[in-house]
Amino acid sequence: MPATPEYGTFGFRFSESSSLAMCNLFAVGYDRIDSASYSWDGLTRTDGPLLLFQYSVDGAGYLEWEGRKERLPAGKAFMVEIPGRHRYWYDPAEHPWEFFFLLIRPTLILPNWLEAKSRIGTTPVLSQTSAPIRLMRNIYTEARAGRIADAYIASSYVYQFIAELGRFALSDQRDRAGWPDKIRLAANYIETNYARLVSLDELANSLHVSKYHLQRTFAETVGLTPHEYANRIRIERAMELLRRTESSIEEIAGLIGFSSGSYFIKVFAKLTGMTPGAFRHGEDNLLYSRLFLD
């Protein structure tokens with residue numbers, strides 16, 4: 001475990017031009033709270049708009065939002081927007097609450113923040129060795145050492161943190177080992193049978209589950225519906241066929257399970273941003289061997 005730094009809060013008010021595409025780091029800190037006076041109401045703060053990411057290292061605090069109340073022990077973070085309908089506080093019955101926090105202006109990165117939050121929730125659990133937490137600790141260390149000295153450095157750290165948070169949010173969906181057994185079996189079934197049209201009814205029947213439950217659980221776990229997942233598998237196979245064979249667009253469409261060449265072209269263009277013909281001949285000036293799809 002990394003050495004515990006000294007406590008402190010560091011703010012940043014750089015005068016970069018508003019015409020530049022810059023992320024804005026408002027403050028970073030590491031604090032220890034043992035007083036009942038520590039209480040923040042998201043509707044009464046006047047320093048917004050801000051995004052707050054706060055991560056418990058020791059002890060515990062509490063967050064209340066949307067009619068819910070949750071304890072925040074070590075290893076748990078919370079993500080809130082300021083102003084907003086939430087309150088977080090310290091209860092003296094708990095061991096003193098130690099935490100890191102980042103306050104960020106929402107300019108440029110709000111969509112990424114909301115996307116990550118939609119995947120991991122308002123109160124995600126992260127290990128101290130996870131990439132977002134290691135980076136947050138490093139941002140604090142750099143701030144304490146006086147090395148975040150201009151808007152460009154600050155903007156870079158903000159974007160790195162939001163990017164790592166987004167990658168963390170996707171990691172559970174991409175780690176098949178953590179998927180429920182039924183979802184792994186469903187994905188395997190799709191990958192084996194992608195070359196023909198597989199209905200949701202057929203997929204659900206093969207697993208002995210409700211198709212509505214399968215649709216919802218698959219999307220929550222994988223980040224795609226079964227139909228979207230099947231199309232991604234088909235398009236990845238299509239790229240191989242376009243590069244390695246002389247088969248026509250219609251022939252490839254049939255080989256990978258599309259009902260028509262026109263529908264294949266439509267799905268291919270939606271996922272890759274180009275037509276199958278453009279991909280095959282490198283008409284966008286780059287002759288791709290493969291395009292990686294999320």
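We did not get these values from a lab; they are worked out from the coordinates using the rules stated. Just so you know, these numbers come straight off a predicted model, no measurement behind them. Note that each Cβ is placed from the backbone with ideal geometry, even for glycine, and that neighbours are counted across all protein chains shown.
Computed quantities for the displayed model
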{"read-out": "Length-normalised contact order for the chain - Cα pairs under 8 Å, 6+ apart - percent", "value": "15"}
{"read-out": "Descending semi-axes in Å of segment 178-281, equivalent ellipsoid built from Cα gyration tensor", "value": "28, 13, 11"}
{"read-out": "Gain on full stretching of the segment that runs from S39 to R85 - 0.36 nm per residue minus C-alpha separation", "value": "15.2 nm"}
{"read-out": "Rounded tilt (10° steps) of 151-174 against the dominant C-alpha axis of the chain", "value": "50"}
{"read-out": "Over segment 1-74, volume per residue of the alpha carbon convex hull, in Å³", "value": "163"}
{"read-out": "Kirkwood Rh (inverse of mean 1/r, distinct Cα pairs), segment 8-174, angstrom", "value": "16.2"}
{"read-out": "The chain: translational diffusion in µm²/s, Stokes-Einstein, Kirkwood Rh over Cα pairs, 25 °C, 0.890 mPa s", "value": "110"}
{"read-out": "Partner lysines for K69 [C-alpha distance under 29 Å; skip if fewer than 8 residues away on the same chain]", "value": "K117"}
{"read-out": "Helix-derived mean residue ellipticity, 222 nm - over the chain, DSSP H n ≥ 4, -39500 (n - 2.57), to 500", "value": "-13500 deg cm²/dmol"}
{"read-out": "At R0 = 22 Å, FRET efficiency that the Cβ-Cβ distance of N138 and D47 yields, to 0.05", "value": "0.35"}
{"read-out": "Stretch gain in nm, segment F10-H208, where the contour uses 0.36 nm per residue and the Cα spacing is subtracted", "value": "65.7 nm"}
{"read-out": "Folded to 0 to 90 degrees: helix 226-244 orientation relative to the chain principal axis, Cα", "value": "60"}
{"read-out": "From phi via Karplus (6.51, -1.76, 1.60), per-residue ³J(HN,Hα) for segment 124-129 in Hz, x at Gly/Pro", "value": "x, 9, 9, 6, 5, 9"}
{"read-out": "Rg over Rh [alpha-carbon atoms, Kirkwood Rh] for segment 52-102", "value": "0.94"}
{"read-out": "For segment 140-222, the Rg and Dmax computed from alpha carbons only, in angstrom", "value": "20.9, 61"}
{"read-out": "Degrees between helix 131-144 axis and first principal axis of the chain (Cα, 0 to 90, nearest 10)", "value": "40"}
{"read-out": "Length gained when the stretch K270-R243 is fully extended (0.36 nm per residue, less Cα-Cα span)", "value": "7.8 nm"}
